[in-house]
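Trainee: Take this structure, written in structure tokens, and hold onto it; I'll ask about it next.
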Amino acid sequence: MTTHGTGKLRAAITAVGHYYPETVLTNKDFEKMMNTNDEWIRTRTGIRERHIMKDGATSDMAVNAVRMLMTNRGIGPDDIDVIIVATVTPDMFFPSTASVVQDKLKAKKSWGFDLSAACSGFLYALVVGAQLVETGAYRKVVVVGSDKMSSILDYTDRNSSILFGDAAAAVLLEPSEDPQYGIIDHKLYGDGAGGEFLYMKGGGSLNPPSHETIDKKLHYLYQDGKAVFKVAVIGMADVSEEIMKRNNLTGADVDYLVPHQANLRIIDACRERMGLDASKVMVNIDKYGNTTAATIPLCLSEWWHCGKLKRGHTIVLSSFGAGYTWGAVLVKWAFDNPNKV
């Protein structure tokens, strides 16, 4: 937990950007690929379609998201101090995807690194980025969630492949001009015992690439959906309620819940625990599916671009992912969209 004393420097989100590929994979498309149907997918997940990147890599989506962010903020590559990329689908093991993004942006005055926490990756990276700003050492930290999930999916597995899509989104963290605004509080959790239920075993030092690992499909995502659902629905709801109680908030005080977009039923359970009306929940899983580290910032960027996210809004970000990893972040939103005011 971070306890902010009076007058302590606080990190605020000051710009957003996002990107998703043009190619759309609908539930109807899946009907042609495997034994499933649109109604079955929608009723169990809330997903209608997802975007798939045919050509390019995770870094390409990240670069596009950051470029939109820079345009929105009116800054250039040389203004960026740090780049943190949350992803489970890096371009390669090394160099880091953050290094690739830095080079493609020509952000030569920055340094950066990747962070791997699956669907909680963005929240983990956001908290780390906020700490860098709060020390006073850095003024502009870019946090990106970017995943090309289609690159690690087995499209003969109807239980997992229907869930995921490709996208990237980014936020800019800067010192808050007003200490009332910014990253107010956070609570992050981890439980490595959950690793057996959601993983990709192939490709690392444990199972280096070989004919055997390919034949066993170890380079694809594996998920025990029922096991993950049971803990995710509790974990996300519990931590969201915890962050509210710790800050003496009720459902009436929260303007938006921004949940990880994994499953509509999990989102609904979290909303009900927090005592929120459905109108106070950001949901775009129907359009994009689960884009892993990109889901939360993608919501933030879309809602801001539409003028729905305004200065002074109190928002709770909540996630659950492989690891297990989960957490919540309380944010006081710092800026309006001048084109939508």
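Table: residues versus (1) touching a helix residue (DSSP H, G or I) at 6+ places or on another chain (Cβ under 9 Å); (2) open to solvent by 20 Å² or more (accessible area, probe 1.4 Å).
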| site | (1), (2) |
| --- | --- |
| 13 | yes, no |
| 17 | yes, no |
| 37 | yes, yes |
| 50 | yes, no |
| 55 | no, yes |
| 69 | yes, no |
| 88 | yes, yes |
| 97 | yes, no |
| 109 | yes, yes |
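Trainee: Would you call residue 264 surrounded by 22 or more Cβ atoms within 10 Å (Cβ to Cβ) and among the aliphatic types (A, V, I, L, M)?
Mentor: no
Trainee: Among the numbered criteria (1) free of Cβ contacts under 8 Å to residues at least 40 places away in the same chain; (2) crowded, with 21+ Cβ neighbours inside 10 Å; (3) among the polar types (S, T, N, Q), which single criterion is violated by residue 248?
Mentor: (2)
Trainee: I need the full set of residues from region 193-206 which are open to solvent by 40 Å² or more (accessible area, probe 1.4 Å) and either in contact with a helix residue (DSSP H, G or I) (Cβ under 9 Å, 6 or more places away or on another chain) or within 25 Å of residue 297 (Cα to Cα) (or both), in order please.
Mentor: 196, 197, 199, 200, 201, listed by residue number.
Trainee: Next question. Of the conditions (1) polar (S, T, N, Q); (2) over 28 Å from residue 241 (Cα atoms); (3) in contact with a strand residue (DSSP E or B) (Cβ under 8 Å, 6 or more places away or on another chain), residue 135 satisfies every one except a single condition; which number is it?
Mentor: It fails just one condition, (3).
Trainee: Enumerate the pairs (first residue in region 36-60 and under 14 Å from residue 155 (Cα atoms); second residue anywhere and outside any loop (DSSP other than H, G, I, E, B)) with beta-carbon separation below 7 Å, excluding pairs fewer than 6 apart on the same chain, so at least 6 apart or on different chains.
Mentor: 36/30; 36/158; 50/25; 50/164; 50/288; 52/25; 52/150; 52/166
Trainee: Quick one: in region 231-265, which of the residues that are charged (D, E, K, R) and at pLDDT 95 or above is farthest from residue 280 (Cα to Cα)? Spell out how you get there, then give the answer.
Mentor: Step one: of region 231-265, the residues charged (D, E, K, R) are 238, 241-242, 245-246, 253, 255, 265.
When the remaining residues are screened for being at pLDDT 95 or above, the result is 238, 241-242, 245-246, 253, 255.
Numbers: 238: 18, 241: 15, 242: 18, 245: 18, 246: 20, 253: 11, 255: 6 Å.
Ranking the qualifying residues of region 231-265, first place goes to 246.
Trainee: Next question, about the same structure. State all residues of region 123-165 that are of a type in the set (Val, Ile, Thr) and more than 15 Å from the chain's Cα centre (by Cα); if no residue qualifies, say none.
Mentor: If the condition is that a residue be of a type in the set (Val, Ile, Thr) and more than 15 Å from the chain's Cα centre (by Cα), then 133, 135, 141, 152, 156, 162 are the ones that fit.
Trainee: When you go through (1) assigned to a helix (DSSP H, G or I); (2) at pLDDT 95 or above; (3) open to solvent by 20 Å² or more (accessible area, probe 1.4 Å) one by one for residue 126, which number turns out not to apply?
Mentor: Single failed check for residue 126: (3).
Trainee: In this structure, does residue 43 turn out to be at negative phi and under 17 Å from the mean Cα position of the chain (by Cα)?
Mentor: no
Trainee: Filtering region 207-228 down to residues that are open to solvent by less than 60 Å² (accessible area, probe 1.4 Å) and under 24 Å from residue 165 (Cβ atoms), which residue is modelled with the lowest pLDDT? Please lay out each step first, then the result.
Mentor: The initial filter retains those residues of region 207-228 that are open to solvent by less than 60 Å² (accessible area, probe 1.4 Å), namely 207, 210, 213, 218-219, 221, 223-225, 227-228.
From the residues that got through so far, the ones that are under 24 Å from residue 165 (Cβ atoms) too are 218-219, 221, 223-225, 227-228.
On the way: 218: 97, 219: 97, 221: 97, 223: 95, 224: 95, 225: 91, 227: 95, 228: 96.
Checked region 207-228; the qualifying residue modelled with the lowest pLDDT is 225.
Trainee: I'd like the full set of residues that are open to solvent by 20 Å² or more (accessible area, probe 1.4 Å) and outside any strand (DSSP E or B), limited to region 153-177.
Mentor: Answer for region 153-177, where residues must be open to solvent by 20 Å² or more (accessible area, probe 1.4 Å) and outside any strand (DSSP E or B): 154, 155, 156, 157, 158, 159, 163, 176, 177.
The values are calculated or read from the model by the stated rules, or taken from the named source; none is laboratory data. This structure is a prediction, so every number in the text was calculated from the model and none was measured. Glycine gets a Cβ as well: all are built from the backbone with ideal geometry, and neighbour counts include every protein chain shown. The protein model used for the area step is the full one, side chains on, heavy atoms only, and it has no ligands, DNA or RNA in it. Shrake-Rupley method; radii C 1.70, N 1.55, O 1.52, S 1.80 Å.
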